[in-house]
Amino acid sequence: MQILMLLTNAFDPDPRVYQEAKVLIEKGYKVSILCWDRDPKAPFQENIDGIYVERIYVKSTHGRGSTQIIFLLLFWIKALIKALSKKIDITYCHDFDTLPLGYTISRLKKTKLVYDAHESYVDMLANNVSPLIKKIISVAENYLLKKVDLTITVGDILKESLIKKGAFQVMVVGNWKQLTDFQFSAKVLEEEKTKLGIPKDALVVSYIAHLNPERKIEPLLRSIENEEDVFLVVGGRGPIEKIVRNSAQKHKNIIFLGFVHPLKVPFYVALSDVVYYGFDKNNPNAQYSAPNKLFEALAAGKAIITGDFGEIGHIVKKYNCGLILKDYSIEEIKNAINILKNKNYLIEIQNNSLKIAEKKYNWQMAKENLIKAIDKLLN
């Protein structure tokens, strides 16, 4: 059975898309990905662990706002032409910006249609596009949700929202992680700490993701800059990359790794004691937030520092696997870090993280859900 996945990034690789594709390949499905390379830098065609990746070059940038629709349409046209020449049993759309394309392909090729809503797409746009375009997207999503054979999403809060919009067959496949991916020998981790200049007894906080202003990284930098016994490891790229780089140059206890390949992220999570995830609570998408950082921390058995929003806030409070910030002030973040300097308390929190990962939030559970749903869809 042939599954065609549609994606509007260059798959370098996208962690969620990669995990889902690998599961389906292991089950015996053939998975290919048509994706949009905006740079364009990655190979035109590539086989990544059995996933056949075909990139469509339409030069653009992220964050263009309303003008992005022109470049998106070009991607849709090129992808549609490619797709029509393929044998497809399931058209599998990742996020709303591929759903109109996927719906068209599914009707022309008479395939089943799967929609994976990684987030609330309209809310994610925030103020980046005009209200009119947001309204059009909202109406289009509400219409297309009723045409989808299977809708997948990241958490229970977003699932309920999609059902209210008209989706009728919805299941959760969380951004949950394979626990074994986060297991490394103590010797290897200590060797890397030595290379990075991190003292043996220092508390290590990590943040490896997009470096965007809404992630509240600047107050994190300020809160750690003068702490001799706390080290911060930051990885990623984005608008505030220069700020992070300058802070790392001035303060030896702040380490900037630059872009970290997704397959290398588990290693640096395992190396840390605490995972930080900030997000602007006023962002409409915050109410649904169930980020990769949360489930990476759980899989590695690490404490989490975050705000009181979305699914991440609910899980941290329910299972006592981290600390909830009242706000993103320097004082509040410093206070949370000081609490976690208590080794006994830190170990208790870390054990709670690992327990809930082993019991519920792990990729084995998500994998079984996904396989059952796809098998049922085709049978």
Qualifying residue in segment 4-21 (condition: over 20 Å from the mean Cα position of the chain (by Cα) and touching a residue at least 12 places away in the same chain (Cβ under 8 Å)): yes
Taking the criterion of being assigned to a loop (DSSP other than H, G, I, E, B), among the hydroxyl-bearing types (Ser, Thr, Tyr) and open to solvent by 40 Å² or more (accessible area, probe 1.4 Å), would at least one residue in segment 82-94 satisfy it? yes
Apart from one, (1) open to solvent by 20 Å² or more (accessible area, probe 1.4 Å); (2) more than 28 Å from VAL170 (Cα to Cα) all hold for LEU346; the odd one out is (1)
Residue that is farthest from ASN175 (Cα to Cα) [pool: residues in segment 95-122 that are assigned to a strand (DSSP E or B) and among the charged types (D, E, K, R)]: LYS112
Residues being in contact (Cβ under 8 Å) with a residue 24 or more places away in the chain and either out of contact with any helix residue (DSSP H, G or I) (no Cβ under 7 Å at 6 or more places or on another chain) or crowded, with 20+ Cβ neighbours inside 10 Å (or both): count how many of those fall in segment 127-143. 1
Is it true that GLU26 is more than 17 Å from HIS118 (Cβ to Cβ), open to solvent by 40 Å² or more (accessible area, probe 1.4 Å) and not in a strand (DSSP E or B)? yes
GLY258: passes all of (1) surrounded by fewer than 24 Cβ atoms within 10 Å (Cβ to Cβ); (2) among the small types (Gly, Ala, Ser); (3) in contact (Cβ under 8 Å) with a residue 24 or more places away in the chain but (3)
Taking the options GLU227, GLU214, name whichever one is in a loop (DSSP other than H, G, I, E, B), over 17 Å from THR194 (Cα atoms) and touching a residue at least 40 places away in the same chain (Cβ under 8 Å). GLU227
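The values are calculated or read from the model by the stated rules, or taken from the named source; none is laboratory data. No experiment lies behind these values; they were computed from the predicted model shown. All Cβ positions, glycine included, derive from the backbone under ideal geometry; neighbour counts span all protein chains shown. Surface areas here come from the heavy atoms of the whole protein model, side chains and all, with no ligands, DNA or RNA. Shrake-Rupley method; radii C 1.70, N 1.55, O 1.52, S 1.80 Å.
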